[in-house]
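Throughout, read-outs are computed from the coordinates displayed, never taken from laboratory work. On a predicted model such as this, the values are computed, not experimentally measured, just so you know. Heads up, the Cβs are rebuilt from the backbone with ideal geometry, glycines too, and the neighbour counts pull from every protein chain shown.
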Amino acid sequence: MAGLFTPLTIKDVTLRNRIGMSPMTMYRSVDGAMNDFHLMYLGARAAGGFGLVFPEQVAIAPEGRTTVHCAGIYDDAQVEGHARVTAMIKDMGAVAGIQLGHTGRNGSEVPPWEGGLQLPPEHPDGWQVSGPSNIPYGCGKRPYPVHALSVAEIKTLHRQYADAARRALDAGYEWLEMHFAHGYLASEFFSPLANQRTDEYGGSLENRARFLLEALDAVREVWPERLPLTMRLGSDDFHPEGITFEESITAIGWMKEHGLDLADISQGGNTDDMVNPIWNDPSAWVARAARLKDRVDIPVTTSWNLGIPANADAAIRSGDVDLVLLGRPALANPHWPVWAARELGTTEPFDLVPKDWGFWLQNFRGHGPSIGWPEPEVSRPAVVTLPQQGAHLQNV
Ligand SMILES: Cc1cc2nc3c(=O)[nH]c(=O)nc-3n(C[C@H](O)[C@H](O)[C@H](O)COP(=O)(O)O)c2cc1C
């Protein structure tokens, strides 16, 4: 039975364990480039034992960023910065993944800690946002007019996805996730809340999934068969008129036929006006992951509240998910996998750090006080409930 520390092979890529660092936008780029900050931040997580390390949503076009400070791979000149990062991640024993995305109607913003509001198109740091229909996100957050994309512009976007994938390959990424979630462009096409088109890209589920399937096809053409192609789907809007999880199961079945190797399930993010969202639940999406695996025979991952090692391990051991992704736990603790190995007692924790550090930590064995890390607790409840958290993660 696989556990958190069992390697995972998808296509020709093997992760040393089933712990991935989930993509997280860092708002630290200048002109979309990766820099020393990314090298430090991502290298630290790779050295901390993560099997798969994602930077953030990386934009396929300048106007596909969340803010002017967000990363991109829309220009050949950006490849070098990404290549430095992937080389470091690899050197530290992890696999480098990239999440390709476009923010659609939810771009042109200021960073969350500056209010996260949208900037008007005429602002020097803003731009004209676009989406499937001319429907702003609303809820007081993103009020500016949305340009409804023409079919010709949709085709250009698919070319941009493919060009970005080619650059990602050149930069040394070995795992590519398409960002089809969290209220960004692909999720907007998928959701009736944002997509009210009457052409072949709107209306029926088949039509709403078309943008996503064509983007996958465009990327699969340039992304080698030997490397994993995955996607994060906004699989439920938690709104009576939005995406339903049942629809998502059907669409993921289609994506599998289009070459998808693994599905990452998350929330739709197309409205703040949600009914009973599950994101505060411990192991929030694991039961749905199991449902998906049962219906579509495909490897599955998810994030959201898997930061308690026993919960993350249980999600793998039950067979419900194949890989866990950690967002905030990875921010909080770059050595989360080492800590988890100590907590679970199943794996030699210091095998997870670079060999030279491991040598010292294993052979000059220190107790808690000498290494500055508490001894594992003797017993822990299998499932830990969490207090309510802020809703500001809706569109990240
Ligand atoms: C600062 C921050 C930035 C994020 N940026 C992205 C992103 O670029 N792409 C994405 O798919 N999810 C993004 N997320 C969501 C995380 O990848 C993850 O799905 C979410 O935090 C839930 O996992 P957790 O409970 O382990 O934090 C972001 C989350 C945080 C905290």
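Fully extending the segment from MET40 to SER204, taken as 0.36 nm per residue of separation minus the present Cα-Cα distance, adds 54.5 nm. When only Cα pairs below 8 angstrom with a gap of at least 6 residues are kept, region 8-371 shows a relative contact order of 16 percent. Of the peptides 203-213, 263-273, 309-319, the ranking by mean beta-carbon count within 10 Å, highest at the top, reads 263-273, 309-319, 203-213. Hydrodynamic analysis of region 244-321 uses the Kirkwood radius over alpha carbon pairs. Inserted into Stokes-Einstein at 10 °C and 1.306 mPa s, it gives a translational diffusion coefficient of 120 µm²/s.
Protection proxy ranking for 181-191, 356-366, 284-294, using the average of other Cβ atoms within 10 Å per residue and placing the highest first: 181-191, 284-294, 356-366. Using the alpha-carbon centroid of each, what span in Å lies between region 249-299 and region 39-62? A separation of 23 Å, based on Cα centres. About its Cα centre, the chain has a charge dipole of approximately 660 debye under the convention of +1 per Lys or Arg Cβ and -1 per Asp or Glu Cβ, with nothing else charged. Residue order for THR347, THR156, fewest other beta carbons within 10 angstrom first, comes to THR156, THR347. Considering only VAL324, VAL275, PRO121, and ranking their Cα positions along the charge dipole of the chain that arises from unit charges at the beta-carbon of Lys, Arg, Asp and Glu, the one farthest toward the positive end is VAL324. Of all beta bridges that DSSP places with both ends in the chain, some 15 percent have antiparallel geometry. Calculated [222 nm] ellipticity per residue, helices only, for the chain: -9500 deg cm²/dmol; basis is -39500 (n - 2.57) per DSSP H run with n ≥ 4, divided by all residues, nearest 500.
In whole Å, how far is the Cα centre of region 318-335 from that of region 117-189? Cα centroid to Cα centroid, the span is 27 Å. Taking the inverse of the mean 1/r over every pair of distinct Cα atoms in the chain gives a Kirkwood hydrodynamic radius of 21.2 Å.
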